[in-house]
1. Amide H to amide H, which residues 5 or more places from GLU87 or on other chains are under 5 Å from it, using H placed in the peptide plane?
2. May I ask you to evaluate 6.51 cos²θ - 1.76 cosθ + 1.60, the Karplus curve with θ = phi - 60°, for each residue of segment 126-137 and list the ³J(HN,Hα) values in order in whole Hz, giving x for glycine and proline?
3. Grab every C-alpha pair in segment 76-159, bin the distances at 5 angstrom width from 0 up to the longest one, and report whole percents.
4. When the convex hull of the Cα atoms of segment 27-132 is projected onto a plane and the area is averaged over all directions, what value comes out in nm²?
5. Once label points are set 7 Å from the Cα along Cα→Cβ at both ALA102 and ARG170, what is their separation, rounded to one decimal in nm?
6. Would you list SER61, SER34, SER157 from the most to the least accessible area, probe 1.4 Å?
Amino acid sequence: MSISATIAPIFLLWSGPFADPLETLAFPSPELASRNIVQCGAEAVEIRYDDLDNSDGFSPSPILVVHGATEEQLPCIDRAVRFYDVELPPELQKGFDAIRMAQYMAAYRARAAAALAARGLLDKVPKFRAGETDAIAFARQLEAICGPAAAGALQSSYGPHVLSPEWVSRLTLPSGPEDDAISCLMAAASTADFELNLIGNEAISQ
C-alpha cells in the first residue's frame with residue numbers, strides 16, 4: 001500500500017479578536033469595520049459575499065476587500081477588521097496574514113499554558129532546543145506528561161514531530177481518552193516550542 005500524504009502544522013484558530021478594536025462594539029458590522037479600515041488610511045473597502053450554498057441556513061460570511069492600503073497600515077487594519085476575512089493586493093496579503101497568524105499563535109500559546117496549568121502539568125513541560133535536544137527522547141517525554149492515552153502518539157515512520165496516523169485513527173467521537181491526550185500533546189508541544197504536525201492523507205492506493 002502506498003500513501004500520498006500532506007504534512008501540515010497543527011494550529012488552533014479562533015474567530016474572536018486578539019487586539020483592541022477601534023470601536024467599542026464587541027462585534028462590529030461589516031460596514032463599521034469598513035469605515036474603521038478607511039480611518040486607518042485605506043482608500044476604499046468593498047464588502048463582498050461569496051456566492052456559496054447557504055442551504056444550512058447560515059448567511060455567507062463577508063469578505064472585506066481593501067483598496068489603496070499601505071504596508072504601514074496593516075496593523076491598524078488588523079485591529080479594525082476583528083474577525084472578518086480580508087482581501088488585499090498580493091504584495092500586502094502575505095504581511096497581513098503574518099500579523100494575524102502571529103496573534104492567533106500568541107493567543108493559542110497563552111491558552112495552552114493555561115490549560116496545562118489547570119491540569120498541574122505546566123511546570124512539567126521542558127523547553128525543546130532545536131539542534132541540542134534529542135527529538136525522539138523529547139517526544140517520549142511529552143507522551144509521558146500527557147498520560148497513558150498519549151503513548152505512541154509521536155512514534156511512527158514520519159518521525160517524532162508528527163502525530164502517528166495509526167494513533168490518530170483511534171480517536172473516538174464525541175470524546176475519549178485519546179481526544180484529551182491530543183489536546184494535551186498540542187498544548188505541551190506549543191509550550192515547549194516543539195513543532196508538531198498532522199498527516200493529511202490525500203490518496204491511498206492498494
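1. Counting only residues 5 or more places away or on other chains, the set is LEU64, VAL65, VAL66.
2. Taking θ as phi minus 60°, the curve returns x, 8, 8, 10, 4, x, 10, 7, 6, 5, 5, 5 Hz for segment 126-137.
3. Over segment 76-159, the share of Cα pairs per 5 Å bin runs 3, 11, 15, 16, 14, 11, 10, 13, 7, 0 percent.
4. Projected area, direction-averaged: 10.8 nm².
5. It is 4.0 nm.
6. SER157, SER61, SER34
The values are calculated or read from the model by the stated rules, or taken from the named source; none is laboratory data. Predicted, not measured: the structure shown is a model, and the values here were computed from it. Please note: Cβ atoms are built from the backbone with ideal geometry, for glycine as well, and neighbour counts cover all protein chains shown. Accessible surface areas use protein heavy atoms only, side chains included; no ligands, DNA or RNA. Shrake-Rupley method; radii C 1.70, N 1.55, O 1.52, S 1.80 Å.
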